[in-house]
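This report concerns only the one structure given below.
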């Protein structure tokens, strides 16, 4: 399955309720969606996220309260997984944080410490509990989610 990109969707219980979701006819576990490597809509979402990264820093500087998240990739077992980390600090231009959910990649678990360089950021999101800023890869997957989950997320997203 080396040609699949596994993307963790949900991070916290604040996501709309619903079971697992799948896309491209590939079954997946709760809060995961499988896409072929190089999926155009995810590549475009990553481009958009990187383009709008200054907004992440602007909101952080404003003191907006919430969970600050960055999407990163983990590799293992011949697959690549894209997963959120909750930012806890920055040091020498490197973001430090903890994995926001349980990855499928062997050797990792939710809460494990991770680091991420600016150039390796795939997406960003700030979750205030009621509102989500960023999250462009999640937005790109809305059409592939159960309708109730997608509608709840659409209601929360802001630019």
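General observations
- Residues that are under 23 Å from residue 42 (Cα atoms) and outside any strand (DSSP E or B) within region 63-78 comprise 77, 78, listed in sequence order.
This table checks each residue for (1) without any contact (Cβ under 8 Å) to a residue 60 or more places away in the chain; (2) out of contact with any strand residue (DSSP E or B) (no Cβ under 6 Å at 6 or more places or on another chain); (3) assigned to a loop (DSSP other than H, G, I, E, B).
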position	(1), (2), (3)
80	no, no, no
88	yes, no, no
95	yes, no, no
102	yes, yes, yes
111	yes, no, yes
126	no, no, no
149	no, yes, no
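Residue-wise test of (1) more than 21 Å from residue 127 (Cβ to Cβ); (2) surrounded by fewer than 20 Cβ atoms within 10 Å (Cβ to Cβ); (3) in contact with a helix residue (DSSP H, G or I) (Cβ under 7 Å, 6 or more places away or on another chain); (4) modelled with pLDDT of 90 or more.
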position: 66; (1), (2), (3), (4): no, yes, no, yes
position: 70; (1), (2), (3), (4): no, no, no, yes
position: 75; (1), (2), (3), (4): yes, yes, no, no
position: 80; (1), (2), (3), (4): yes, yes, no, no
position: 84; (1), (2), (3), (4): no, no, no, yes
position: 90; (1), (2), (3), (4): no, yes, no, yes
position: 94; (1), (2), (3), (4): yes, yes, no, yes
position: 100; (1), (2), (3), (4): no, no, no, yes
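- Restricting region 123-140 to residues that are surrounded by fewer than 21 Cβ atoms within 10 Å (Cβ to Cβ) and within 30 Å of residue 40 (Cβ to Cβ), the residue that is nearest to the chain's Cα centre (by Cα) is 139.
- Flag for residue 153 being on the phi < 0 side of the Ramachandran plot, in contact with a strand residue (DSSP E or B) (Cβ under 9 Å, 6 or more places away or on another chain) and not in a strand (DSSP E or B): yes
- Residue match in region 151-159 (condition: modelled with pLDDT under 95 and within 18 Å of residue 72 (Cα to Cα)): no
- Scope region 128-147; condition in contact with a helix residue (DSSP H, G or I) (Cβ under 9 Å, 6 or more places away or on another chain) and not in a loop (DSSP other than H, G, I, E, B); matching residues: 132, 133, 134, 136, 137, 138, 139, 140, 142, 143, 144
The values are calculated or read from the model by the stated rules, or taken from the named source; none is laboratory data. It should be emphasised that the depicted structure is a prediction, and the values quoted were computed from it without experimental measurement. We place every Cβ from the backbone using ideal geometry, glycine too, and count neighbours over all the protein chains shown.
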